[in-house]
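The values are calculated or read from the model by the stated rules, or taken from the named source; none is laboratory data. All figures in this text were calculated on a predicted structure; none of them were measured in a lab. All Cβ positions, even for glycine, are placed from backbone atoms using ideal geometry, and neighbour counts span all protein chains on display.
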Protein chains: 2
Amino acid sequence: MSYFNDKNSAEIVNARMGAETDPRLREIMTSLVTHLHAFAREVNLTQDEWDHAIGFLTRTGQMCSDERQEFILLSDVLGFSMLVDAINNRRPDGATENTVFGPFHVANAPIRTMGDNICLDGKGESCLFEGRVLNLDDNPIEGACLDVWADNADGFYDVQQPGIQPKWNNRGRFITGADGAYSFRGIKPVSYPIPDDGPVGKMLGHLGRHPYRPAHIHYLVTAPGYQKLVTHTFVGDDEYLESDAVFGVKRSLIAPYERTEGGDTVWHSRFDFVLAPV
Amino acid sequence: MSYFNDKNSAEIVNARMGAETDPRLREIMTSLVTHLHAFAREVNLTQDEWDHAIGFLTRTGQMCSDERQEFILLSDVLGFSMLVDAINNRRPDGATENTVFGPFHVANAPIRTMGDNICLDGKGESCLFEGRVLNLDDNPIEGACLDVWADNADGFYDVQQPGIQPKWNNRGRFITGADGAYSFRGIKPVSYPIPDDGPVGKMLGHLGRHPYRPAHIHYLVTAPGYQKLVTHTFVGDDEYLESDAVFGVKRSLIAPYERTEGGDTVWHSRFDFVLAPV
């Protein structure tokens, strides 16, 4: 038996797990402890810095409530959420890429008719969204569900402003027909800051980072026999496109937004979603 | 500009830090993000596992109060606290080794006279503690302060049982004279569990680990011109000596405890503290 020291620390901690420990839990904890200890050694973490980290984690946990998940926010701004998303959603070439789900989806949004306007508060620059849901062979998928959600022109989701925005503002579900096509009206998305009045926002400040997400609209696209697609499309001229606070941007998800001539609709964005089979 | 993917993720996140970021913060965050991302990749962390981790961290934060620090407990049982202690207290050969401070120290304990009994509740097996405070040349240090604290015979510190234990039970400060010697009466230490009714205790259960610390008595030894020594001495026949829940045991800190013949005192433990110069 050898006792703990600053060289063997991770091995000693990991050797302590019982024989009956679930193998997957053992694998995860072994890797986590090894990396955390390597980190402390690598930077020669001081006692004061450790105290500070304990305080930070405690404040982060205590900021969490039914309306606020500060640990998810921390994971987001460290790129950890996007990395987990990327690891779990490796897709064949040609399939639309995933990106982070985010905290603002609401299940069971109203099912709308193609062409409907999901913007219920009359704010923002009107935009026609259209395209098709396809498989990897370029064939349309019938019966696909596009669940759409976006912030309003002021940069807030309806759930962030109950009583101010109409319920289901900038949300809706659309079911494709035999042609796989979808179309609806909404607004040209606008960028917004993630909640930055807590410990994570303060950390971003110390790191010289802003809290903004580039303008985007969320899609959850599902169809029987196909992998669930959780993604956004982004507006190509957004000033935060290369500095998304949560690292959600992928080049393939930057959609065209073209100014239209005349009519009520000011913008037009066309994007096809390609689903990979399960 | 390249966007985030599952290979370059840590580089992308770290490159986002502003030019004005404090260099030490930059060093720490770069290493932390690199190791956390490597961990997620190494184990192919699933979305469900990530959800579970977010829930665990949140519960850990919300368990914290003025009386309970669940994140320190988490750091302790993962060996992280001991590693930080080890990194920051590398001592020359011959100097007494450090170990974790723990949450139970109280500043400004009463200053006692050599030979005093610090056990105020009359419980436990009486033990005479004695020895000397020395420098690396084996010379006595005059004016050293030994600040001592220990649990009572039921395994609780006085601060865990206000109104049940007398204030300052099993605590005291002793100042050495010209001979560097100290002596006081207390009890032979007993083992006790760390608080295991929270998320960290539950985690220990899943890992097949017990929550016990082997019997020990705490010392904070200070003297002008010498490095602060935070340590314990351990009882050599304790059943948890090789499985301390917080990895605090070092071989050099296992003290002799000898049964005495006759008299009020049942045990005798002799230990010299050797301080390194600042």
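Worth pointing out:
- The residue pairs whose first member lies in the stretch B:200-217 and is under 20 Å from B:THR60 (Cβ atoms), whose second member is crowded, with 19+ Cβ neighbours inside 10 Å and among the basic types (Lys, Arg), and whose beta carbons are closer than 6 Å, counting only pairs six or more residues apart or on different chains, are B:ARG209/A:ARG16.
- Filter result for the condition that a residue is under 28 Å from A:ARG213 (Cβ atoms), under 16 Å from the mean Cα position of the chain (by Cα) and of a type outside the set (Gly, Ala, Ser), over A:LEU57, A:LEU120, A:LEU73: A:LEU73
- Some residue of the stretch B:32-41 being out of contact with any helix residue (DSSP H, G or I) (no Cβ under 9 Å at 6 or more places or on another chain) and farther than 26 Å from A:THR46 by Cα: no
- Filtering the stretch B:1-48 to residues that are among the hydroxyl-bearing types (Ser, Thr, Tyr) and either out of contact with any Phe, Trp or Tyr (no Cβ under 9 Å at 6 or more places or on another chain) or at the interface with chain A (Cβ under 7 Å from one of its Cβ atoms) (or both) leaves B:SER2, B:TYR3, B:SER9, B:THR21, B:THR30, B:SER31, B:THR46.
- Of the residues screened, B:HIS37 is not one that is surrounded by fewer than 20 Cβ atoms within 10 Å (Cβ to Cβ) and either at pLDDT 95 or above or touching a Gly at 6+ places or on another chain (Cβ under 6 Å) (or both).
- Contact map, the stretch B:157-176: residues that are under 21 Å from B:ARG132 (Cβ atoms) paired with residues that are among the basic types (Lys, Arg), Cβ distance under 7 Å, separation 6+ or inter-chain. Pairs shown: B:GLY172/B:ARG112; B:ARG173/B:ARG112; B:PHE174/B:ARG112.
- Options A:LYS228, A:LYS250: the member that is charged (D, E, K, R) and under 23 Å from A:ASN139 (Cβ atoms): A:LYS228
- Of residues in the stretch B:252-278 being within 15 Å of B:ARG132 (Cα to Cα) and assigned to a strand (DSSP E or B), the one farthest from the chain's Cα centre (by Cα): B:HIS268
- Selection count, the stretch B:223-251, where residues are part of a loop (DSSP other than H, G, I, E, B) and at negative phi: 18
- A search for C-beta distances below 9 Å between a residue of the stretch A:137-151 that is among the aromatic types (Phe, Trp, Tyr) and any residue that is assigned to a loop (DSSP other than H, G, I, E, B), counting only pairs 6+ apart in sequence or on different chains, returns A:TRP149/A:GLY102; A:TRP149/A:PHE104; A:TRP149/A:HIS105; A:TRP149/A:VAL106; A:TRP149/A:ALA109; A:TRP149/A:ILE118; A:TRP149/A:TYR157; A:TRP149/A:ASN170.
- The set of residues from the stretch B:191-222 being within 19 Å of B:PHE104 (Cβ to Cβ) and assigned to a loop (DSSP other than H, G, I, E, B) comprises B:SER191, B:ILE194, B:PRO195, B:ASP196, B:ASP197, B:GLY198, B:PRO211, B:PRO214, B:ALA215.
- Among the residues of the stretch A:54-64, those identified as in a helix (DSSP H, G or I) and within 7 Å of chain B (Cβ to nearest Cβ) are A:ILE54, A:LEU57, A:THR58, A:THR60, A:GLY61, A:GLN62.
- Count of the stretch A:90-103 residues which are free of Cβ contacts under 8 Å to residues at least 40 places away in the same chain and under 27 Å from A:GLU70 (Cβ atoms): 1
- Test result for A:ARG209, within 14 Å of the chain's Cα centre (by Cα), within 14 Å of another protein chain (Cβ to nearest Cβ) and over 17 Å from A:GLU142 (Cα atoms): no
- Single match in B:ASP76, B:ASP51, B:ASP85 (criterion: more than 7 Å from chain A (Cβ to nearest Cβ), free of Cβ contacts under 8 Å to residues at least 24 places away in the same chain and acidic (Asp, Glu)): B:ASP51
- From the list A:GLY143, A:GLY180, the one residue that fits, being at positive phi and surrounded by fewer than 19 Cβ atoms within 10 Å (Cβ to Cβ), is A:GLY143.
- Qualifying residue in the stretch A:117-128 (condition: out of contact with any Leu (no Cβ under 7 Å at 6 or more places or on another chain), of a type in the set (A, V, I, L, M, F, W, C) and surrounded by fewer than 15 Cβ atoms within 10 Å (Cβ to Cβ)): no
- Residues located in the stretch A:71-95, provided they are surrounded by 21 or more Cβ atoms within 10 Å (Cβ to Cβ) and over 23 Å from B:ALA40 (Cα atoms): A:ALA95
- For the stretch A:237-267, residues that are of a type outside the set (Phe, Trp, Tyr) and either at pLDDT 95 or above or under 25 Å from A:PRO103 (Cα atoms) (or both) total 17.
- Of the residues making up the stretch A:169-179, those that are under 18 Å from A:ASP116 (Cβ atoms) and either in contact with a strand residue (DSSP E or B) (Cβ under 9 Å, 6 or more places away or on another chain) or assigned to a strand (DSSP E or B) (or both) are A:ASN170, A:ARG171, A:GLY172, A:ARG173, A:PHE174, A:ILE175, A:THR176, A:GLY177, A:ASP179.
- Which listed residue, of B:GLY94, B:GLY102, B:GLY79, is at pLDDT 95 or above, in the same structural domain as B:ILE175 (by TED's automatic domain parsing) and under 11 Å from the mean Cα position of the chain (by Cα): B:GLY79
- Count of the stretch B:250-264 residues, restricted to those that are out of contact with any strand residue (DSSP E or B) (no Cβ under 6 Å at 6 or more places or on another chain) and within 14 Å of chain A (Cβ to nearest Cβ), is 3.
- Single residue of the stretch A:115-155 satisfying the filter (in a loop (DSSP other than H, G, I, E, B) and of a type in the set (A, V, I, L, M, F, W, C)) that is nearest to A:PRO92 (Cα to Cα): A:LEU136
- Conditions (1) in a loop (DSSP other than H, G, I, E, B); (2) of a type in the set (Phe, Trp, Tyr); (3) within 20 Å of B:GLN62 (Cβ to Cβ): number failed by A:PHE104: (3)
- Qualifying residue in the stretch B:177-188 (condition: of a type in the set (Ser, Thr, Tyr), free of Cβ contacts under 8 Å to residues at least 60 places away in the same chain and assigned by TED's automatic domain parsing to the domain that holds B:PRO110): no
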